[in-house]
1. Out of 98, 79, report the one residue that is closer than 20 Å to residue 164 by Cβ and outside any strand (DSSP E or B).
2. State yes or no: is residue 105 buried (at least 18 other Cβ atoms within 10 Å of the Cβ) and at positive phi?
3. Out of the residues in segment 132-155 that are outside any loop (DSSP other than H, G, I, E, B) and touching a strand residue (DSSP E or B) at 6+ places or on another chain (Cβ under 6 Å), state the one that is surrounded by the most Cβ atoms within 10 Å (Cβ to Cβ).
4. May I ask you to verify whether residue 101 is at pLDDT below 95, assigned by TED's automatic domain parsing to the domain that holds residue 210 and farther than 25 Å from residue 210 by Cβ?
5. Has segment 76-83 got at least one residue that is surrounded by 12 or more Cβ atoms within 10 Å (Cβ to Cβ), modelled with pLDDT under 95 and more than 18 Å from the chain's Cα centre (by Cα)?
6. Hey, any hits in segment 156-163 for a residue that's outside any loop (DSSP other than H, G, I, E, B) and either modelled with pLDDT under 95 or at negative phi (or both)?
7. Determine whether segment 174-182 contains at least one residue that is loosely packed, with under 14 Cβ neighbours inside 10 Å and touching a residue at least 40 places away in the same chain (Cβ under 8 Å).
8. With the requirement that a residue be within 18 Å of residue 186 (Cα to Cα) and either part of a strand (DSSP E or B) or free of Cβ contacts under 8 Å to residues at least 40 places away in the same chain (or both), what does segment 101-120 give you?
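The values are calculated or read from the model by the stated rules, or taken from the named source; none is laboratory data. Everything quoted here is computed from the prediction, not taken from an experiment. Cβ atoms come from the backbone with ideal geometry, glycine included; neighbour counts cover every protein chain shown.
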């Protein structure tokens, strides 16, 4: 009867991603362009990377990893800025959580329009982060803790975690352009809690109306 070897075994309590049966190596894989001989080295499977200035090496014979993943969740899908005023900045926030084991991290982008009421809009703060300025039309966001106004929080979680990106990473400064990267990492991260904060200001002559927008957040892993 032929022997059976499963590529992955699992139960309710464990997963074995791959099994290797080897008598010590001496495998010979070849083509017109290469020859490869493998040797046993599974004693330190899933070991930490050994490095120097010139190399990095992982111990293990055909070392296997769990499936790569990325997750994104948002706790509150409705943000209320209240009645806008030329004499007081209005703000609100919601949480966004990202986790990934992607080797090269992730990027999260925001897409959508500024606050709009019919044909009227509140001017977006643009790609360059700016401070809140009373009496000026402004709509912007950031992903850090702020004192002016008091809103938001810095990214948090068990290290390693992601960070706010570029113009969205400066306290008391806000920006907004559609398609901008707002959160990022360059390597795998644990679950990271981002607080996305919104501000809006208007002038004394800003047209009255009910201003709304719909924004979409998307996270892409860099596998």
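1. Numbers: 98 fails: outside any strand (DSSP E or B).
Matching residue, one of 98, 79: 79.
2. Numbers: buried (at least 18 other Cβ atoms within 10 Å of the Cβ): yes; at positive phi: yes.
So residue 105 passes the test.
3. If we filter segment 132-155 for residues that are outside any loop (DSSP other than H, G, I, E, B), which is where we start, we get 138-142, 146-147, 150-151.
Narrowing the set further to residues that are touching a strand residue (DSSP E or B) at 6+ places or on another chain (Cβ under 6 Å) leaves 138-142, 151.
Working: 138: 25, 139: 25, 140: 26, 141: 23, 142: 28, 151: 20.
Once the filter is applied, the top-ranked residue is 142.
4. The answer is yes for residue 101.
5. The first filter runs over segment 76-83 and keeps only residues surrounded by 12 or more Cβ atoms within 10 Å (Cβ to Cβ), leaving 76, 79, 81.
Pick out the ones that are also modelled with pLDDT under 95 and you get 76.
If we keep only those that are more than 18 Å from the chain's Cα centre (by Cα) as well, we get none.
No, segment 76-83 contains no residue that is surrounded by 12 or more Cβ atoms within 10 Å (Cβ to Cβ), modelled with pLDDT under 95 and more than 18 Å from the chain's Cα centre (by Cα).
6. First pass over segment 156-163, keeping only residues outside any loop (DSSP other than H, G, I, E, B): 156, 163.
Those left that are additionally either modelled with pLDDT under 95 or at negative phi (or both): 156, 163.
Yes, segment 156-163 contains a residue that is outside any loop (DSSP other than H, G, I, E, B) and either modelled with pLDDT under 95 or at negative phi (or both).
7. Within segment 174-182, the first condition is being loosely packed, with under 14 Cβ neighbours inside 10 Å, and the residues that meet it are 178-179.
The next check asks that each one be touching a residue at least 40 places away in the same chain (Cβ under 8 Å); those that pass are 178-179.
Checked segment 174-182: at least one residue is loosely packed, with under 14 Cβ neighbours inside 10 Å and touching a residue at least 40 places away in the same chain (Cβ under 8 Å).
8. First pass over segment 101-120, keeping only residues within 18 Å of residue 186 (Cα to Cα): 101-109.
106, 107, 108, 109, listed by residue number.
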